[in-house]
1. Name every residue in region 150-208 that is within 20 Å of the chain's Cα centre (by Cα), free of Cβ contacts under 8 Å to residues at least 60 places away in the same chain and closer than 17 Å to V257 by Cα, in order of residue number.
2. Starting from region 85-102, take each residue that is more than 17 Å from W44 (Cα to Cα) and list its partners that are assigned to a helix (DSSP H, G or I) and charged (D, E, K, R), counting only C-beta distances under 8 angstrom and pairs at least six apart or across chains.
3. Of Y333, Y381, which residue is at pLDDT 95 or above and touching a strand residue (DSSP E or B) at 6+ places or on another chain (Cβ under 8 Å)?
4. Given the conditions (1) aromatic (F, W, Y); (2) buried (at least 23 other Cβ atoms within 10 Å of the Cβ); (3) touching a Leu at 6+ places or on another chain (Cβ under 6 Å), and given that F164 satisfies all but one, which numbered condition is not satisfied?
5. If a residue has to be among the β-branched types (V, I, T) and crowded, with 24+ Cβ neighbours inside 10 Å to count, how many in region 247-287 make the cut?
6. Quick one: H90 ticks every box in (1) out of contact with any Leu (no Cβ under 8 Å at 6 or more places or on another chain); (2) farther than 18 Å from K144 by Cα bar one, so which box is it?
7. Could you grab the pairs with beta carbons closer than 6 Å, sequence gap of 6+ or different chains, first residue in region 36-55 and basic (K, R), second one outside any helix (DSSP H, G or I) and modelled with pLDDT of 95 or more?
8. Taking I316 and the conditions (1) free of Cβ contacts under 8 Å to residues at least 12 places away in the same chain; (2) in contact with a Lys or Arg (Cβ under 9 Å, 6 or more places away or on another chain), which numbered condition does it fall short on, given that it satisfies the others?
Amino acid sequence: MRKSLSTKFIFGNILVLLLIFGNKINAQNQTSTEKNVIPYDLKWSERTALSILNKYPNAWQLDGNEKPKWDYKMGFVLSGFEKLYQKTNHKKYLNYIKEYVDGMIDSTGNIKKYDINEYNIDCLNPGKLLFNLYDITKDSRYLKIIGQLRNQLESQSRTPSGGFWHKQIYPNQMWIDGLYMAEPFYAQFTVKYEKGKSLDDIAKQFELVQNHLVDQKTGLVYQAWDESKEIAWADKQTGNSPTIWGRGIGWYMVALVETLDYFPKSHPKHKVLVEYLNQIAKNVNQYKSENGLWYQVADKPELYGNYVEPSASGMIIYAFAKGANKGYLASSYKTTAKKSFDNFVKEFVKVDKKGEVNVLNVSSNVGLGGKPFRDGTNSYYLLSKTKENGAIGLGAFLLSAIELDK
């Protein structure tokens, strides 16, 4: 009898200890889990940036990349991190940029696997990150690479009218995204290091877009223009590619608002660029959906299979907000941007159990020409696959959230 009571007492105590110990473990796990959840009361900009840091510990992993690459998509997203660092002074955002750039530079201070002879205008975009990095660190490697990229522009092939070729493999072709890739970098460089000597040339690139890539009917821009009119996708009368691409409009509008950051108001072409921005803003505002979002094929909302697309929408929202904040556009555009942003969140943003922001249905990367040949038709754009957290969609949402301070 005593043995039975003693055994029950021992087992009872063990059970109590296990329950106490188990509760402590559960409490620790719960606290640990709660710490890992991104707080819902943060602004969308920081929630998005923290989500990116969690999902892609190395910035080169963005967009599903499997190995490091000096890439315009990384430059686009990290430009948002740069703006967020300037706004918050949180070093983790600066460190994310620096780690990416340092990982792309070899022991001799050159960009890994960069070949100037490709004359790929996309390569200039990540170069924008180096200006602030150099100012902060005074690391001469950054200044060296800034100079190398400027030298690329100096010898970049041009169309007969003076527009930069998109790549050496695309002769006589200006692509609308090339304006974003080159001009903000070019403008910052020439103002900072050349006393603005190239500002007229920068303005000329936008003038060529206005004269050749703007559709006379809608006032929207085509993706590309072949001045020679020789490539198979080019219209034989205009040289334009067949489709007015939503993201292409976004690239152009962001190119304008970010180039204007460095364009002195005293320069006669400043007013010209502001007028270009007002023209495209007015026209693209006529083509938004009922919810204030923009389509993959921008000028044909009713086209079978067409859909509202997040990277295009996010870029346009950002350009509207930044243009209004800077005084280039009427304040009504910021009101539009706010409404469109709220509907962007409803349409495209999914927040998971960890509080991480996911942007849905981002169009994959598209292009023209090449092998296999991309014909640039409406169908080609509509049949391109969509994916979750495409880098351009994430970057566009991050930039718009920073600019609107939502």
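The values are calculated or read from the model by the stated rules, or taken from the named source; none is laboratory data. Everything quoted here is computed from the prediction, not taken from an experiment. Cβ atoms come from the backbone with ideal geometry, glycine included; neighbour counts cover every protein chain shown.
1. Once the filter is applied, which keeps residues that are within 20 Å of the chain's Cα centre (by Cα), free of Cβ contacts under 8 Å to residues at least 60 places away in the same chain and closer than 17 Å to V257 by Cα, region 150-208 yields only G178.
2. Note: pairs meeting the criteria are L94/E82; I97/E82.
3. On the way: Y333 fails: touching a strand residue (DSSP E or B) at 6+ places or on another chain (Cβ under 8 Å).
Step by step, each of Y333, Y381 is checked, and only Y381 is at pLDDT 95 or above and touching a strand residue (DSSP E or B) at 6+ places or on another chain (Cβ under 8 Å).
4. Result: F164 passes all but (3).
5. 5
6. All conditions are met except number (1).
7. Short answer, once both residue conditions are applied: R47/I38; R47/V357.
8. Just one mismatch for I316, condition (1).
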